[in-house]
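Notes to accompany the following structure.
The values are calculated or read from the model by the stated rules, or taken from the named source; none is laboratory data. Keep in mind that what you see is a predicted model, and the values were worked out from it rather than measured. Don't worry about glycine lacking a Cβ; one is built from the backbone with ideal geometry, like all the others, and counts go over all protein chains shown.
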């Protein structure tokens, strides 16, 4: 409890003024008092609080000051009614550091001190409680946990929330569009090409030398181009087939080899220049080309016999019926 060590009123207060009070604990507090005025009595050396009996019959009047030097509390008389005097505590300004913010509200117990208008309470080391829980649920307000702070530190500045991964099949390639999906595409997703028009990137009809989709007419032309290939025949006789057109056919027998052309009749397109070549291994091998019943070689239906030692024969035709021989 604060006790008054010394009290000195250097001059009578004027109106509502303050006086300095030295407390037993050291330091000075200022106590508000009213002007003493007239013959009103003041008691500045009391050791107890005033009572209802300290009234006008004892000389106290409105504005009288009573100072309890034991409790360190000043009082002011507001009504000196006989037997019912009313005294109010005269507060004085607190000069100690305010208490930190507490865990719960409390009314306090000071009967004389008032806080300065610009005082500041320290936050203090508080538990979360119900207002700021130590561990908070998603979406709730409160103190951040250590795990959440670690997670937050791992998020780049300006990063957005990543939507859930999509489980639906991607759309076909199409006209460019932003889209309106709310999920993220997986890194290994694949778009189907779809049935697309050529557009400007791949024109439907392209100029010579340009890149793009092939036309039906061009595809037909490509199909009619026959590429050289080879077929190995292990027998001494062979029948030329339509698939041999444009190909080099090797007959690997050292004895006389006979090739029949009859099955080629009508399998070729008139006006197209085609070439067939046969070759027998061995310088002494005889190569016989038999035109069969449907085709001619050099205008004749007779066999064409290559000179022994020249076992390579090439035939050229434009219609599949008439062949012209040559010995390169």
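Listing for the model above:
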quantity	calculated
Count of the stretch 70-102 residues which are modelled with pLDDT of 85 or more and either surrounded by fewer than 20 Cβ atoms within 10 Å (Cβ to Cβ) or within 60 Å of the chain's Cα centre (by Cα) (or both)	10
Scan of the stretch 45-60 for residues that are under 11 Å from residue 82 (Cα atoms) and crowded, with 19+ Cβ neighbours inside 10 Å, ordered by number	54, 55, 60
